[in-house]
1. Leaving out ligands and nucleic acids, and using a 1.4 Å probe, what accessible area per residue does the range 41-142 come to in Å²?
2. Nearest 10 degrees, 0 to 90: what angle lies between the long axis of helix 57-77 and the longest principal axis of the chain (Cα atoms)?
3. Given q = 0.09, 0.21 Å⁻¹, what are the Debye log10 I(q)/I(0) values for the chain, with equal point scatterers placed on the Cα positions and solvent ignored?
4. Can you run phi through the Karplus equation (6.51, -1.76, 1.60; θ = phi - 60°) for the range 136-147 and list ³J(HN,Hα) in whole Hz, with x for Gly and Pro?
5. Apply the Karplus curve 6.51 cos²θ - 1.76 cosθ + 1.60, θ = phi - 60°, to the phi angles in the range 22-29 and return the couplings in whole Hz, x for Gly and Pro.
6. Within the accessible area of the range 1-100, what % is carbon and sulfur when the probe is 1.4 Å and the other protein chains stay in place?
7. How far is helix 81-103 tilted off the main Cα axis of the chain, in degrees rounded to 10, range 0 to 90?
Amino acid sequence: MFWIIISVLLIVIDQLSKLYFLNNQLLYNGYVIIDKFFYLTYLENRGAAFGIFQDGRWFFIITTIFASGVMVWYFIKNNNFLLRVSLMLIVSGGIGNLIDRVFRGFVVDFLDFYPFGYDFPIFNFADICVTVGVFLFVIYIIFVYKELDDENTLSGVNNEKQD
């Protein structure tokens, strides 16, 4: 139940922030937070990250539903805390953007950064959840996950012939 509450809370934060910027979009066309670094800019993203696959709405809807289902199944089957946090973040962010695609036809983005003078693509809270979740998932894969090669490795049985 804890995981569902956190996931719903993240989705609600995402949707409320998007609703705010959707309703106040005229106020946020490069609104300066930190000059030459951080702005609030309303954008209707009809693609994916970095604006790729424009107008691929149905592809993203189907892919998100399928991927979320697989991640929820994997979440249920595993008890590792780091893995569960990463999957919960990825699914929550995915559902946040899925809601936009289904009900609006586009994803509302509004966080606009210019690190070191580079115009980074505009993103939203759901994208942060997905990015942090993927980062934690990579940490899990590199440092925690152990693939089982065979049963003998697990049981400590030595297969070498003894003379």
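The values are calculated or read from the model by the stated rules, or taken from the named source; none is laboratory data. All of these numbers come straight from a predicted model, not from anything done at the bench. Ligands, DNA and RNA are stripped out before the accessible areas are found, and what is left, the full protein with its side chains, is counted by its heavy atoms. Shrake-Rupley method; radii C 1.70, N 1.55, O 1.52, S 1.80 Å.
1. Per-residue value: 55 Å².
2. The answer is roughly 40 degrees.
3. -0.40, -1.37
4. 5, 5, 5, 4, 4, 4, 6, 10, 10, 5, 10, 7
5. Couplings: 5, 6, 10, 4, 5, 7, 10, 10 Hz.
6. Exposed carbon and sulfur together represent 73 percent of the surface.
7. 40 degrees
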